[in-house]
Structure formats: structure tokens, C-alpha cells
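The values are calculated or read from the model by the stated rules, or taken from the named source; none is laboratory data. Computed from a predicted structure; not experimentally measured. With ideal geometry, Cβ positions are generated from the backbone for all residues, glycine too; neighbour counts draw on all protein chains shown.
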């Protein structure tokens, strides 16, 4: 048994145990090529592939994603070994923290993460929103914002710790919007989901229903006018009812110090 970097020839073997991960299937087939190109797609092999894990290294953090284990080989600490392998590479490159995202109902994965000294850092909610033509909204593009408002933003389902430079770059690209009414503010960071075409992904902070309404109306119209097929919203807030806004699932953002 060994851990190695995956290659394009491994795809068919891996997809065999990634078909029914969730009730709706899985997304690994959609991100496989991108993860291969990025590198750090780790594969656990016992004659044939029986587990995978992808790691994304950025600044001083590691993002762990896509842990998949063949059901015939679960409960053998394969996931733990893959994560530990990813952490070791990060530590050798001065990573200080490691993060991963786990469904709040996935007790087995939370137990695995806890056994490796990951703790629940924050809880986030995922909502979908349907693009729609709108004209009745009032928002403005943010030119400067404090990282206290957005200590993280979601980039293609990776929680990236913000820096002043990141926030300046996003604001320069008109990726940060806000609505301010009656002393309350809602703010959102928007971007493309790199691994799924025509998908707008949004990190949202809601300060009130009135300002949230303005933000969501803008997002619908922006997505409609730019030919997006779907809007994915990630937020720590529980959002109020809004036209075509649909709550999907909640996740624990897990964190581990490597120092």
C-alpha cells in the first residue's frame, strides 16, 4: 500500500467508487482534470486505487478537499493517512493552518477530522438562487473593506483567508458589492466557480432583510444578464425567505493549527 500522485490513467478506477458518494451522485468527475493540472491529487493504492484526496496550498494555509474512499476499504484509516500526507507537504512549505469542509450531518467524517486534531471553527450554510431578470435593486461596488467583515471568502468551494491585497484585488475587479439601508449593511463577494461552467459563487454577509433583498435581486439580474445557469451562495447567516432562494445544506468549516 502506498500514497502517490494520481495520473490521468487512474480516473476510471477512481470513478468506480465515486459514483454514489451522495444521494445525487458526486462531482469528482467534473473536477478531476482541474485537480490533476493543479497537482497534489493524492491517491492511496493497494494494487489498484482505493482512496483519493486533493490538497490546495495557498499562502500559509492548506485546503483539504475531495476525500473519497472505496466503500470496501473504509474504517482502515486511509482517509487519515491521505490527510496526514497532505499536511506533511504543507508543513514542509511553512503552512500554519489546515482547513476542510464537512457536512454537519456527516458524523464519521467529523470523527475522522477530530481524531487528527481538527476542530469545528465555523458553520456555513449553502443556498441556491435561480437567475432572473430584475431591475428593482440598489447596490454599490465596494472600493475598500476591512478583513474583519470577510475574514474568509469562498473561491470555487475553497475557503480562502483574506488579506488586504486579496480584498483590494477583488474590489478593483468589482467583485465586492454591498447594500446599505437604515444603518444596516449586507455585503457579498462574487466570482466564477472554476470547476463548473456558468456557475456564480457568492460569499455573503447579511445585515438585514432589506439589504439582503437588494443583494439577492442584484445577483439574480447579474447572473441572468451574464448567462449564468445557477447561483451558489455560502453564508454563515440563516437567510430569510426570498423568491427562488433554496436552502441546501450546512457545513462545518474544520480548522487545525500546524504550528
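Annotations
- Flag if residue 231 is over 21 Å from residue 100 (Cα atoms) and in contact with a helix residue (DSSP H, G or I) (Cβ under 6 Å, 6 or more places away or on another chain): yes
- Residue tally, condition in contact (Cβ under 8 Å) with a residue 40 or more places away in the chain and either in the same structural domain as residue 197 (by TED's automatic domain parsing) or buried (at least 17 other Cβ atoms within 10 Å of the Cβ) (or both), over the range 11-44: 9
- Considering the conditions (1) within 28 Å of residue 60 (Cβ to Cβ); (2) at pLDDT 95 or above; (3) part of a loop (DSSP other than H, G, I, E, B), residue 146 is excluded by exactly one of them, (2).
- Number of positions in the range 170-181 that are out of contact with any helix residue (DSSP H, G or I) (no Cβ under 7 Å at 6 or more places or on another chain) and either touching a residue at least 24 places away in the same chain (Cβ under 8 Å) or in a strand (DSSP E or B) (or both): 3
- Hey, residue 137 in contact with a strand residue (DSSP E or B) (Cβ under 7 Å, 6 or more places away or on another chain), on the phi < 0 side of the Ramachandran plot and surrounded by 14 or more Cβ atoms within 10 Å (Cβ to Cβ) or not: no
- Among residues of the range 137-167, those that are without any contact (Cβ under 8 Å) to a residue 40 or more places away in the chain and in contact with a helix residue (DSSP H, G or I) (Cβ under 7 Å, 6 or more places away or on another chain), counted: 3
- Of all residues in the range 58-87, those satisfying the criterion of being in contact (Cβ under 8 Å) with a residue 40 or more places away in the chain and assigned to a strand (DSSP E or B) are 58, 61, 62, 63, 65, 67, 68, 69.
- The range 24-57 - residue that is within 16 Å of the chain's Cα centre (by Cα) and not in a helix (DSSP H, G or I) and, of those, modelled with the lowest pLDDT: 26
- Scanning the range 211-245 for residues that are more than 19 Å from residue 133 (Cα to Cα) and assigned to a helix (DSSP H, G or I) yields a total of 0.
- Just one of the listed residues (99, 126) is within 17 Å of the chain's Cα centre (by Cα), part of a strand (DSSP E or B), surrounded by fewer than 20 Cβ atoms within 10 Å (Cβ to Cβ) and in contact (Cβ under 8 Å) with a residue 24 or more places away in the chain, namely 126.
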